[in-house]
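A quick write-up on the structure given underneath.
The values are calculated or read from the model by the stated rules, or taken from the named source; none is laboratory data. As the structure is a prediction and not an experimental result, all values here were calculated from the model. All Cβ positions, glycine included, derive from the backbone under ideal geometry; neighbour counts span all protein chains shown. These area figures cover heavy atoms from the full protein model, side chains too; ligands, DNA and RNA do not enter into them. Shrake-Rupley method; radii C 1.70, N 1.55, O 1.52, S 1.80 Å.
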Amino acid sequence: MELKEILSGIEGLKVKGSLDIEVSKIESSSKKIKEGDMFIAIDGFEQNGHEFIEDAIKNGAKVIMAQADKLTKEMVKNLPADITFILAPDTRHAISICACNYYQNPSRKLKLIGVTGTKGKTTTTFMIKSLLEKQGYKVGLIGTICTYIGDKNLGDNDRTTPESLELQQLLNKMVKAKCEFAVMEVSSQSLKLGRVDGCEFDIGIFTNFSKDHISSKEHESMEDYFSSKVKLFSMCKTAYINSDDIYANKLPSLVPECNFTTYGIDNPASLLAKDITITNSYVDFKVKLADRNQRVKTGIPGRFSVYNSLAAISVALKFGITAENIQESLLSIRVPGRSELVDNGKELTIMIDYAHSPESLESILTTVRSYTQGKVICVFGCGGDRDPGKRPIMGNLAATLADHSIITSDNPRKEKPEEIIAQIEEGAKKTKGSYECIVDRKEAIKKAIHMAHKKDIVVIAGKGHELTQEIKGKKYPFDEREIVKEILGEKEQNN
(Lines give C-alpha, C1' and ligand atoms only; values in the text may rest on other atoms or scores of the structure.)
Protein backbone atom coordinates (compact mmCIF):
# COMPACT_ATOMS: atom_id res chain seq x y z
CA MET A 1 0.00 0.00 0.00
CA GLU A 2 1.17 3.53 -0.73
CA LEU A 3 2.50 5.44 2.27
CA LYS A 4 0.18 8.40 1.70
CA GLU A 5 -2.83 6.06 1.94
CA ILE A 6 -1.53 4.60 5.19
CA LEU A 7 -1.16 8.10 6.68
CA SER A 8 -4.64 9.28 5.64
CA GLY A 9 -6.52 11.04 8.44
CA ILE A 10 -3.57 11.58 10.80
CA GLU A 11 -3.13 15.23 11.71
CA GLY A 12 -0.01 17.17 12.67
CA LEU A 13 2.55 15.08 10.76
CA LYS A 14 5.93 16.42 9.69
CA VAL A 15 7.49 14.51 6.81
CA LYS A 16 10.98 14.39 5.36
CA GLY A 17 11.19 12.29 2.17
CA SER A 18 8.74 10.87 -0.33
CA LEU A 19 5.17 9.80 0.43
CA ASP A 20 4.82 8.14 -2.99
CA ILE A 21 6.41 4.87 -1.96
CA GLU A 22 5.02 1.38 -1.38
CA VAL A 23 5.08 -0.02 2.14
CA SER A 24 5.18 -3.81 2.51
CA LYS A 25 3.85 -3.88 6.08
CA ILE A 26 3.80 -1.90 9.34
CA GLU A 27 5.67 -3.02 12.46
CA SER A 28 6.41 -1.62 15.92
CA SER A 29 9.08 -4.24 16.65
CA SER A 30 12.43 -3.70 14.95
CA LYS A 31 13.05 -7.47 15.07
CA LYS A 32 10.09 -8.11 12.75
CA ILE A 33 11.12 -5.52 10.17
CA LYS A 34 11.96 -6.72 6.67
CA GLU A 35 12.90 -4.95 3.44
CA GLY A 36 10.39 -2.24 2.47
CA ASP A 37 8.58 -2.11 5.81
CA MET A 38 7.46 0.86 7.91
CA PHE A 39 8.69 1.07 11.52
CA ILE A 40 6.64 3.02 14.04
CA ALA A 41 8.50 3.74 17.27
CA ILE A 42 6.40 3.40 20.43
CA ASP A 43 7.52 4.44 23.90
CA GLY A 44 6.46 1.40 25.95
CA PHE A 45 6.49 0.55 29.65
CA GLU A 46 9.53 -1.71 29.32
CA GLN A 47 11.35 -0.31 26.28
CA ASN A 48 11.43 2.86 24.20
CA GLY A 49 11.03 1.88 20.55
CA HIS A 50 12.90 5.02 19.49
CA GLU A 51 16.11 3.39 20.69
CA PHE A 52 15.67 0.70 18.03
CA ILE A 53 15.27 2.95 14.98
CA GLU A 54 18.80 2.14 13.81
CA ASP A 55 18.11 -1.62 14.10
CA ALA A 56 14.88 -1.21 12.10
CA ILE A 57 16.77 0.56 9.31
CA LYS A 58 19.45 -2.17 9.27
CA ASN A 59 16.67 -4.75 8.89
CA GLY A 60 15.26 -2.97 5.82
CA ALA A 61 12.80 -0.31 7.01
CA LYS A 62 12.21 2.37 4.36
CA VAL A 63 9.85 4.47 6.47
CA ILE A 64 10.36 5.55 10.08
CA MET A 65 7.67 7.20 12.18
CA ALA A 66 8.70 8.68 15.52
CA GLN A 67 7.37 10.94 18.27
CA ALA A 68 9.20 14.25 18.55
CA ASP A 69 9.40 14.39 22.35
CA LYS A 70 10.89 10.88 22.51
CA LEU A 71 13.77 11.50 20.08
CA THR A 72 17.32 12.59 20.74
CA LYS A 73 19.38 14.70 18.32
CA GLU A 74 21.71 11.74 17.93
CA MET A 75 18.87 9.53 16.66
CA VAL A 76 17.91 12.08 14.00
CA LYS A 77 21.50 12.71 12.94
CA ASN A 78 22.07 9.04 12.12
CA LEU A 79 19.10 8.71 9.73
CA PRO A 80 20.12 7.78 6.13
CA ALA A 81 19.11 10.18 3.36
CA ASP A 82 16.96 7.61 1.51
CA ILE A 83 14.67 7.00 4.50
CA THR A 84 11.27 8.68 4.65
CA PHE A 85 11.11 10.10 8.17
CA ILE A 86 7.82 11.11 9.79
CA LEU A 87 7.27 12.94 13.06
CA ALA A 88 3.88 12.37 14.71
CA PRO A 89 2.44 14.12 17.78
CA ASP A 90 1.49 10.73 19.25
CA THR A 91 2.76 7.50 17.69
CA ARG A 92 0.33 5.33 19.69
CA HIS A 93 -2.62 7.11 18.08
CA ALA A 94 -0.85 7.21 14.71
CA ILE A 95 -0.12 3.47 14.60
CA SER A 96 -3.80 2.73 15.25
CA ILE A 97 -4.93 4.92 12.36
CA CYS A 98 -2.18 3.51 10.12
CA ALA A 99 -3.35 -0.01 11.00
CA CYS A 100 -6.97 0.88 10.18
CA ASN A 101 -5.94 2.29 6.81
CA TYR A 102 -3.56 -0.58 6.00
CA TYR A 103 -6.29 -3.17 6.62
CA GLN A 104 -8.87 -1.01 4.81
CA ASN A 105 -10.91 -0.04 7.87
CA PRO A 106 -12.51 -3.42 8.64
CA SER A 107 -14.62 -2.06 11.52
CA ARG A 108 -16.69 -0.13 8.97
CA LYS A 109 -17.64 -3.43 7.30
CA LEU A 110 -18.77 -5.09 10.53
CA LYS A 111 -21.30 -4.32 13.21
CA LEU A 112 -18.76 -3.76 15.98
CA ILE A 113 -19.88 -4.16 19.60
CA GLY A 114 -17.51 -3.07 22.38
CA VAL A 115 -17.93 -4.11 26.03
CA THR A 116 -16.10 -2.29 28.82
CA GLY A 117 -16.37 -2.33 32.62
CA THR A 118 -14.45 -3.67 35.59
CA LYS A 119 -16.22 -7.04 35.67
CA GLY A 120 -18.43 -9.03 33.36
CA LYS A 121 -16.79 -8.21 30.02
CA THR A 122 -15.87 -11.77 29.10
CA THR A 123 -19.21 -13.33 30.05
CA THR A 124 -21.20 -10.57 28.35
CA THR A 125 -19.28 -10.88 25.06
CA PHE A 126 -19.77 -14.65 25.01
CA MET A 127 -23.48 -14.22 25.71
CA ILE A 128 -23.86 -11.68 22.89
CA LYS A 129 -22.00 -13.95 20.48
CA SER A 130 -24.21 -16.90 21.41
CA LEU A 131 -27.43 -14.88 21.02
CA LEU A 132 -26.46 -13.52 17.61
CA GLU A 133 -25.37 -16.94 16.37
CA LYS A 134 -28.64 -18.49 17.55
CA GLN A 135 -30.39 -16.09 15.16
CA GLY A 136 -28.13 -17.23 12.31
CA TYR A 137 -25.49 -14.48 12.19
CA LYS A 138 -21.77 -15.20 11.80
CA VAL A 139 -19.87 -13.55 14.66
CA GLY A 140 -16.27 -12.86 15.59
CA LEU A 141 -15.14 -12.40 19.20
CA ILE A 142 -12.00 -10.83 20.69
CA GLY A 143 -11.31 -10.92 24.40
CA THR A 144 -9.40 -12.05 27.45
CA ILE A 145 -9.79 -15.77 26.85
CA CYS A 146 -9.29 -16.09 23.12
CA THR A 147 -10.34 -14.95 19.65
CA TYR A 148 -13.10 -16.64 17.66
CA ILE A 149 -14.04 -16.29 14.02
CA GLY A 150 -17.38 -18.03 13.86
CA ASP A 151 -16.88 -21.36 15.63
CA LYS A 152 -13.12 -21.39 14.98
CA ASN A 153 -10.97 -20.68 18.04
CA LEU A 154 -7.76 -18.87 17.02
CA GLY A 155 -6.12 -19.54 20.39
CA ASP A 156 -5.34 -17.79 23.67
CA ASN A 157 -4.74 -14.04 23.81
CA ASP A 158 -1.90 -12.26 25.61
CA ARG A 159 -4.11 -9.35 26.62
CA THR A 160 -7.80 -8.46 26.77
CA THR A 161 -7.65 -6.08 23.79
CA PRO A 162 -4.80 -6.67 21.31
CA GLU A 163 -2.36 -4.00 20.14
CA SER A 164 -3.73 -2.01 17.22
CA LEU A 165 -1.86 -3.79 14.41
CA GLU A 166 -3.01 -7.21 15.61
CA LEU A 167 -6.52 -5.93 16.31
CA GLN A 168 -7.06 -4.55 12.81
CA GLN A 169 -5.59 -7.70 11.28
CA LEU A 170 -8.06 -9.82 13.26
CA LEU A 171 -11.01 -7.62 12.28
CA ASN A 172 -9.89 -7.87 8.65
CA LYS A 173 -9.83 -11.68 8.94
CA MET A 174 -13.39 -11.53 10.25
CA VAL A 175 -14.46 -9.46 7.25
CA LYS A 176 -12.81 -11.94 4.86
CA ALA A 177 -14.52 -14.82 6.68
CA LYS A 178 -17.85 -13.04 6.06
CA CYS A 179 -18.61 -12.27 9.70
CA GLU A 180 -21.46 -9.81 10.10
CA PHE A 181 -20.68 -8.91 13.72
CA ALA A 182 -17.58 -8.54 15.87
CA VAL A 183 -17.92 -8.49 19.66
CA MET A 184 -14.91 -7.39 21.67
CA GLU A 185 -13.84 -6.68 25.21
CA VAL A 186 -12.46 -3.16 25.34
CA SER A 187 -10.09 -2.73 28.27
CA SER A 188 -9.36 0.59 29.93
CA GLN A 189 -5.70 0.17 28.97
CA SER A 190 -6.57 -0.26 25.30
CA LEU A 191 -8.60 2.94 25.41
CA LYS A 192 -5.96 4.87 27.31
CA LEU A 193 -3.16 3.73 24.99
CA GLY A 194 -5.13 4.31 21.80
CA ARG A 195 -5.23 0.68 20.64
CA VAL A 196 -8.83 1.01 19.42
CA ASP A 197 -8.44 4.49 17.91
CA GLY A 198 -9.97 4.51 14.43
CA CYS A 199 -12.46 1.73 15.21
CA GLU A 200 -16.07 2.58 14.44
CA PHE A 201 -18.25 0.98 17.11
CA ASP A 202 -21.95 0.48 16.49
CA ILE A 203 -22.68 -0.34 20.13
CA GLY A 204 -20.91 0.21 23.43
CA ILE A 205 -21.75 -1.52 26.73
CA PHE A 206 -20.76 -0.43 30.25
CA THR A 207 -21.15 -3.31 32.71
CA ASN A 208 -20.00 -1.79 36.03
CA PHE A 209 -17.11 0.05 37.67
CA SER A 210 -15.07 -0.62 40.80
CA LYS A 211 -11.50 -0.27 42.03
CA ASP A 212 -9.03 -2.22 39.92
CA HIS A 213 -5.96 -1.73 37.72
CA ILE A 214 -4.55 1.11 39.82
CA SER A 215 -0.76 0.95 39.49
CA SER A 216 2.20 2.75 37.97
CA LYS A 217 1.89 0.63 34.81
CA GLU A 218 -1.89 0.90 34.44
CA HIS A 219 -3.94 3.79 35.88
CA GLU A 220 -2.63 6.34 38.34
CA SER A 221 -6.05 6.90 39.93
CA MET A 222 -9.72 5.91 39.81
CA GLU A 223 -10.39 9.10 37.87
CA ASP A 224 -7.88 8.08 35.21
CA TYR A 225 -9.34 4.55 35.12
CA PHE A 226 -12.90 5.81 34.65
CA SER A 227 -12.04 8.53 32.12
CA SER A 228 -10.29 5.91 30.00
CA LYS A 229 -13.47 3.82 29.85
CA VAL A 230 -15.58 6.87 29.01
CA LYS A 231 -13.64 7.20 25.75
CA LEU A 232 -15.43 4.17 24.27
CA PHE A 233 -18.76 6.01 24.30
CA SER A 234 -17.43 8.87 22.21
CA MET A 235 -16.64 6.22 19.58
CA CYS A 236 -20.09 4.61 19.28
CA LYS A 237 -23.60 5.61 18.25
CA THR A 238 -25.61 3.55 20.73
CA ALA A 239 -24.85 2.33 24.25
CA TYR A 240 -26.39 0.10 26.90
CA ILE A 241 -25.48 0.83 30.51
CA ASN A 242 -26.18 -0.61 33.96
CA SER A 243 -28.65 1.69 35.73
CA ASP A 244 -27.61 0.27 39.13
CA ASP A 245 -24.02 1.44 38.72
CA ILE A 246 -23.30 4.98 39.95
CA TYR A 247 -20.49 5.52 37.44
CA ALA A 248 -22.58 4.29 34.50
CA ASN A 249 -25.20 6.90 35.33
CA LYS A 250 -22.63 9.65 34.78
CA LEU A 251 -22.11 8.69 31.14
CA PRO A 252 -25.12 10.38 29.44
CA SER A 253 -24.02 13.82 30.67
CA LEU A 254 -20.35 13.15 29.86
CA VAL A 255 -21.03 11.91 26.30
CA PRO A 256 -24.30 13.60 25.21
CA GLU A 257 -23.79 12.68 21.54
CA CYS A 258 -24.23 8.95 22.32
CA ASN A 259 -27.70 7.40 22.60
CA PHE A 260 -27.83 5.64 25.99
CA THR A 261 -30.36 2.99 27.05
CA THR A 262 -30.40 1.40 30.50
CA TYR A 263 -30.81 -2.09 31.94
CA GLY A 264 -30.91 -3.03 35.61
CA ILE A 265 -32.48 -4.69 38.64
CA ASP A 266 -32.94 -2.15 41.45
CA ASN A 267 -33.30 1.22 39.70
CA PRO A 268 -35.70 2.22 36.91
CA ALA A 269 -34.42 1.01 33.53
CA SER A 270 -35.60 0.41 29.98
CA LEU A 271 -34.91 -3.32 30.44
CA LEU A 272 -35.67 -4.47 33.97
CA ALA A 273 -35.21 -7.89 35.58
CA LYS A 274 -37.89 -8.94 38.09
CA ASP A 275 -38.75 -11.97 40.25
CA ILE A 276 -35.15 -13.17 40.38
CA THR A 277 -34.30 -16.65 41.63
CA ILE A 278 -30.65 -17.49 42.29
CA THR A 279 -29.47 -21.05 43.04
CA ASN A 280 -26.03 -22.62 43.01
CA SER A 281 -26.57 -23.85 39.44
CA TYR A 282 -28.62 -21.15 37.66
CA VAL A 283 -30.37 -17.79 37.77
CA ASP A 284 -33.96 -17.31 36.68
CA PHE A 285 -35.75 -13.99 36.17
CA LYS A 286 -38.56 -12.20 34.34
CA VAL A 287 -37.84 -9.64 31.64
CA LYS A 288 -39.90 -7.99 28.92
CA LEU A 289 -39.44 -9.78 25.58
CA ALA A 290 -41.70 -9.29 22.58
CA ASP A 291 -44.06 -6.96 24.49
CA ARG A 292 -44.67 -9.31 27.40
CA ASN A 293 -42.83 -10.44 30.52
CA GLN A 294 -41.18 -13.80 30.03
CA ARG A 295 -38.91 -15.97 32.15
CA VAL A 296 -35.25 -16.30 31.24
CA LYS A 297 -32.96 -18.86 32.81
CA THR A 298 -29.18 -19.12 32.46
CA GLY A 299 -26.77 -21.74 33.77
CA ILE A 300 -24.31 -19.19 35.10
CA PRO A 301 -25.26 -18.58 38.75
CA GLY A 302 -24.98 -15.31 40.65
CA ARG A 303 -26.65 -11.90 40.67
CA PHE A 304 -23.97 -10.56 38.33
CA SER A 305 -25.17 -13.08 35.76
CA VAL A 306 -28.53 -11.27 35.63
CA TYR A 307 -26.74 -8.01 34.73
CA ASN A 308 -24.62 -9.70 32.06
CA SER A 309 -27.72 -11.37 30.62
CA LEU A 310 -29.59 -8.04 30.51
CA ALA A 311 -26.72 -6.38 28.63
CA ALA A 312 -26.70 -9.21 26.10
CA ILE A 313 -30.50 -9.19 25.77
CA SER A 314 -30.39 -5.42 25.09
CA VAL A 315 -28.20 -6.08 22.05
CA ALA A 316 -30.32 -9.05 21.00
CA LEU A 317 -33.52 -7.01 21.01
CA LYS A 318 -31.91 -4.28 18.92
CA PHE A 319 -31.12 -6.79 16.19
CA GLY A 320 -34.49 -8.53 16.25
CA ILE A 321 -33.52 -11.77 17.94
CA THR A 322 -36.63 -13.70 18.91
CA ALA A 323 -37.68 -14.31 22.51
CA GLU A 324 -37.41 -18.06 21.94
CA ASN A 325 -33.83 -17.77 20.67
CA ILE A 326 -32.91 -15.52 23.61
CA GLN A 327 -34.28 -18.04 26.10
CA GLU A 328 -32.68 -21.08 24.45
CA SER A 329 -29.30 -19.42 24.00
CA LEU A 330 -28.96 -18.13 27.56
CA LEU A 331 -30.05 -21.46 29.01
CA SER A 332 -27.24 -23.33 27.24
CA ILE A 333 -24.44 -20.73 27.46
CA ARG A 334 -21.19 -21.68 29.21
CA VAL A 335 -18.24 -19.30 29.34
CA PRO A 336 -14.85 -21.03 29.68
CA GLY A 337 -13.45 -20.41 33.15
CA ARG A 338 -15.97 -17.76 34.18
CA SER A 339 -18.26 -19.21 36.89
CA GLU A 340 -18.30 -22.24 34.59
CA LEU A 341 -20.35 -25.13 35.93
CA VAL A 342 -19.24 -28.63 34.99
CA ASP A 343 -22.35 -30.68 34.23
CA ASN A 344 -22.26 -34.11 35.81
CA GLY A 345 -24.47 -37.09 36.56
CA LYS A 346 -23.78 -36.84 40.29
CA GLU A 347 -25.67 -33.52 40.42
CA LEU A 348 -22.77 -31.93 42.27
CA THR A 349 -22.19 -28.21 41.79
CA ILE A 350 -18.61 -27.86 40.58
CA MET A 351 -17.50 -24.46 39.36
CA ILE A 352 -14.32 -23.54 37.49
CA ASP A 353 -13.36 -19.87 37.74
CA TYR A 354 -10.37 -17.79 36.66
CA ALA A 355 -10.15 -15.96 40.02
CA HIS A 356 -6.39 -15.59 40.55
CA SER A 357 -6.06 -12.35 42.53
CA PRO A 358 -7.21 -11.43 46.06
CA GLU A 359 -10.01 -9.25 44.63
CA SER A 360 -11.34 -11.88 42.23
CA LEU A 361 -11.07 -14.72 44.77
CA GLU A 362 -12.93 -12.66 47.36
CA SER A 363 -15.58 -11.78 44.78
CA ILE A 364 -16.29 -15.34 43.65
CA LEU A 365 -16.35 -16.79 47.17
CA THR A 366 -18.59 -14.00 48.47
CA THR A 367 -20.92 -14.50 45.49
CA VAL A 368 -21.28 -18.27 45.83
CA ARG A 369 -21.68 -17.95 49.62
CA SER A 370 -24.75 -15.74 49.06
CA TYR A 371 -26.72 -18.45 47.27
CA THR A 372 -25.21 -21.80 48.35
CA GLN A 373 -27.31 -23.74 50.87
CA GLY A 374 -24.52 -26.14 51.82
CA LYS A 375 -20.77 -25.77 52.24
CA VAL A 376 -18.39 -23.77 50.06
CA ILE A 377 -15.28 -25.83 49.27
CA CYS A 378 -12.47 -23.94 47.55
CA VAL A 379 -9.46 -25.34 45.68
CA PHE A 380 -6.90 -22.70 44.76
CA GLY A 381 -3.23 -21.78 44.50
CA CYS A 382 -1.03 -18.93 43.28
CA GLY A 383 1.09 -18.74 40.16
CA GLY A 384 4.86 -18.83 40.38
CA ASP A 385 7.10 -16.00 39.14
CA ARG A 386 4.32 -13.56 40.01
CA ASP A 387 3.63 -11.17 42.90
CA PRO A 388 4.39 -13.16 46.09
CA GLY A 389 2.75 -10.48 48.25
CA LYS A 390 -0.74 -11.64 47.31
CA ARG A 391 -0.18 -15.24 48.45
CA PRO A 392 -0.85 -14.88 52.22
CA ILE A 393 -3.70 -12.47 51.46
CA MET A 394 -5.42 -15.09 49.29
CA GLY A 395 -4.78 -17.76 51.92
CA ASN A 396 -6.45 -15.58 54.53
CA LEU A 397 -9.43 -14.79 52.28
CA ALA A 398 -10.08 -18.41 51.30
CA ALA A 399 -9.81 -19.70 54.88
CA THR A 400 -12.17 -16.95 56.03
CA LEU A 401 -14.80 -17.12 53.28
CA ALA A 402 -14.93 -20.84 52.43
CA ASP A 403 -16.07 -23.61 54.76
CA HIS A 404 -13.03 -25.61 53.71
CA SER A 405 -10.07 -24.64 51.54
CA ILE A 406 -7.55 -26.85 49.81
CA ILE A 407 -4.35 -24.96 49.01
CA THR A 408 -2.60 -26.45 46.00
CA SER A 409 -0.46 -25.66 42.94
CA ASP A 410 -1.56 -23.25 40.23
CA ASN A 411 1.12 -22.68 37.59
CA PRO A 412 4.28 -22.90 39.73
CA ARG A 413 6.40 -22.10 36.68
CA LYS A 414 10.03 -22.01 37.82
CA GLU A 415 9.28 -21.80 41.54
CA LYS A 416 8.92 -24.77 43.91
CA PRO A 417 5.19 -25.38 44.47
CA GLU A 418 5.79 -26.33 48.12
CA GLU A 419 7.30 -22.90 48.80
CA ILE A 420 4.39 -21.07 47.14
CA ILE A 421 1.90 -23.13 49.17
CA ALA A 422 3.79 -22.38 52.40
CA GLN A 423 3.50 -18.64 51.68
CA ILE A 424 -0.24 -18.96 51.03
CA GLU A 425 -0.62 -20.96 54.23
CA GLU A 426 0.88 -18.12 56.28
CA GLY A 427 -2.32 -16.18 55.67
CA ALA A 428 -4.61 -19.15 56.33
CA LYS A 429 -2.90 -19.84 59.68
CA LYS A 430 -4.06 -16.46 60.99
CA THR A 431 -7.71 -17.51 60.72
CA LYS A 432 -9.85 -20.10 62.44
CA GLY A 433 -10.87 -21.47 59.05
CA SER A 434 -10.67 -25.09 57.95
CA TYR A 435 -8.00 -25.80 55.35
CA GLU A 436 -5.40 -28.30 54.17
CA CYS A 437 -2.51 -28.34 51.70
CA ILE A 438 -2.23 -30.81 48.81
CA VAL A 439 0.57 -30.03 46.36
CA ASP A 440 -0.76 -32.09 43.43
CA ARG A 441 -3.62 -30.04 41.91
CA LYS A 442 -5.42 -33.07 40.51
CA GLU A 443 -5.37 -34.76 43.93
CA ALA A 444 -6.61 -31.52 45.52
CA ILE A 445 -9.56 -31.39 43.11
CA LYS A 446 -10.28 -35.07 43.80
CA LYS A 447 -10.32 -34.49 47.56
CA ALA A 448 -12.72 -31.54 47.20
CA ILE A 449 -15.13 -33.48 44.98
CA HIS A 450 -15.12 -36.55 47.22
CA MET A 451 -16.05 -34.48 50.27
CA ALA A 452 -18.86 -32.57 48.49
CA HIS A 453 -22.61 -33.20 48.83
CA LYS A 454 -25.44 -32.05 46.55
CA LYS A 455 -26.14 -28.78 48.36
CA ASP A 456 -22.42 -27.86 48.51
CA ILE A 457 -20.40 -26.04 45.88
CA VAL A 458 -16.81 -26.80 44.87
CA VAL A 459 -15.01 -23.75 43.49
CA ILE A 460 -11.85 -24.60 41.57
CA ALA A 461 -10.19 -21.21 41.28
CA GLY A 462 -7.19 -19.76 39.49
CA LYS A 463 -6.77 -21.40 36.10
CA GLY A 464 -10.20 -21.02 34.55
CA HIS A 465 -10.05 -21.41 30.78
CA GLU A 466 -6.41 -22.56 30.74
CA LEU A 467 -5.76 -26.02 29.32
CA THR A 468 -2.21 -26.48 30.60
CA GLN A 469 -0.22 -26.34 33.83
CA GLU A 470 3.28 -24.84 33.72
CA ILE A 471 5.85 -26.61 35.91
CA LYS A 472 9.60 -25.90 35.77
CA GLY A 473 9.18 -23.96 32.54
CA LYS A 474 7.29 -26.74 30.72
CA LYS A 475 3.56 -26.80 29.98
CA TYR A 476 1.63 -30.02 30.59
CA PRO A 477 -1.97 -30.77 29.48
CA PHE A 478 -4.36 -29.84 32.31
CA ASP A 479 -8.00 -29.35 31.39
CA GLU A 480 -9.90 -29.10 34.67
CA ARG A 481 -13.19 -30.02 33.00
CA GLU A 482 -11.77 -33.33 31.84
CA ILE A 483 -10.10 -33.89 35.21
CA VAL A 484 -13.42 -33.36 37.00
CA LYS A 485 -15.17 -35.84 34.68
CA GLU A 486 -12.38 -38.37 35.19
CA ILE A 487 -12.60 -38.01 38.99
CA LEU A 488 -16.37 -38.39 38.98
CA GLY A 489 -15.97 -41.57 36.96
CA GLU A 490 -13.49 -42.89 39.54
CA LYS A 491 -15.83 -41.95 42.35
CA GLU A 492 -18.71 -43.81 40.70
CA GLN A 493 -16.56 -46.96 40.33
CA ASN A 494 -15.45 -46.78 43.97
CA ASN A 495 -18.99 -46.49 45.38
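What is the one condition in (1) part of a strand (DSSP E or B); (2) under 19 Å from the mean Cα position of the chain (by Cα) that Leu87 does not satisfy? So the condition that Leu87 fails would be (2).
Do the conditions hold for Ser107, that is, is it part of a loop (DSSP other than H, G, I, E, B) and either closer than 22 Å to Lys173 by Cα or open to solvent by 60 Å² or more (accessible area, probe 1.4 Å) (or both)?
On the way: part of a loop (DSSP other than H, G, I, E, B): no; either closer than 22 Å to Lys173 by Cα or open to solvent by 60 Å² or more (accessible area, probe 1.4 Å) (or both): yes.
When the stated conditions are applied, Ser107 does not pass them.
Hey, could you check region 244-285 for residues that are among the acidic types (Asp, Glu) and part of a loop (DSSP other than H, G, I, E, B) and say which is farthest from Ala452 (Cα to Cα)?
Per the criteria, the residue is Glu257.
Results for (1) surrounded by fewer than 17 Cβ atoms within 10 Å (Cβ to Cβ); (2) more than 23 Å from the chain's Cα centre (by Cα); (3) at pLDDT 95 or above; (4) farther than 22 Å from Val196 by Cβ, shown as yes or no for each residue.
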| residue | (1), (2), (3), (4) |
| --- | --- |
| Lys211 | yes, no, no, yes |
| Ile214 | yes, no, no, no |
| His219 | no, no, no, no |
| Met222 | yes, no, no, no |
| Val230 | no, no, yes, no |
| Met235 | no, no, yes, no |
| Gly264 | no, no, yes, yes |
| Leu272 | no, yes, yes, yes |
| Asp275 | yes, yes, yes, yes |
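For the structure I just gave you, tell me whether Ala61 is over 35 Å from the mean Cα position of the chain (by Cα) and either outside any helix (DSSP H, G or I) or within 22 Å of Gly12 (Cα to Cα) (or both). Here the answer is no, as Ala61 does not meet what is asked. Taking region 52-80 as the range and being open to solvent by 30 Å² or more (accessible area, probe 1.4 Å) and modelled with pLDDT of 90 or more as the test, the residues that pass are Phe52, Glu54, Asp55, Ile57, Lys58, Asn59, Lys62. Exactly one residue among Ile83, Ile95 is surrounded by fewer than 22 Cβ atoms within 10 Å (Cβ to Cβ) and touching a residue at least 60 places away in the same chain (Cβ under 8 Å), and that residue is Ile83.
Among the residues of region 22-50, those that are farther than 17 Å from Leu165 by Cβ, at pLDDT below 95 and in contact with a helix residue (DSSP H, G or I) (Cβ under 8 Å, 6 or more places away or on another chain) comprise Asn48, His50. Checked against (1) assigned to a loop (DSSP other than H, G, I, E, B); (2) under 22 Å from Met184 (Cβ atoms); (3) open to solvent by less than 10 Å² (accessible area, probe 1.4 Å), Gly114 passes all but condition (1).
May I ask you to verify whether Glu436 is in a strand (DSSP E or B), open to solvent by 10 Å² or more (accessible area, probe 1.4 Å) and either free of Cβ contacts under 8 Å to residues at least 12 places away in the same chain or not hydroxyl-bearing (Ser, Thr, Tyr) (or both)?
Here the answer is yes, as Glu436 does meet what is asked.
Across region 25-50, the qualifying residues are those that are open to solvent by 50 Å² or more (accessible area, probe 1.4 Å) and in contact (Cβ under 8 Å) with a residue 12 or more places away in the chain, and the one among them that is farthest from Ile64 (Cα to Cα) is Phe45. Could you list all residues from region 1-28 that are among the β-branched types (Val, Ile, Thr), closer than 16 Å to Leu87 by Cβ and part of a loop (DSSP other than H, G, I, E, B)? If the condition is that a residue be among the β-branched types (Val, Ile, Thr), closer than 16 Å to Leu87 by Cβ and part of a loop (DSSP other than H, G, I, E, B), then Ile10 is the only one that fits. What are the residues in region 139-178 that are modelled with pLDDT of 95 or more and surrounded by 24 or more Cβ atoms within 10 Å (Cβ to Cβ), if any? Matches in region 139-178: Val139, Gly140, Leu141, Ile142, Ser164, Leu167, Gln168, Leu171, Met174.
Identify, please: which residue in region 135-155 is of a type in the set (Val, Ile, Thr) and assigned to a strand (DSSP E or B) and is, among those, nearest to the chain's Cα centre (by Cα)?
Of everything passing the filter in region 135-155, Ile142 is nearest to the chain's Cα centre (by Cα).
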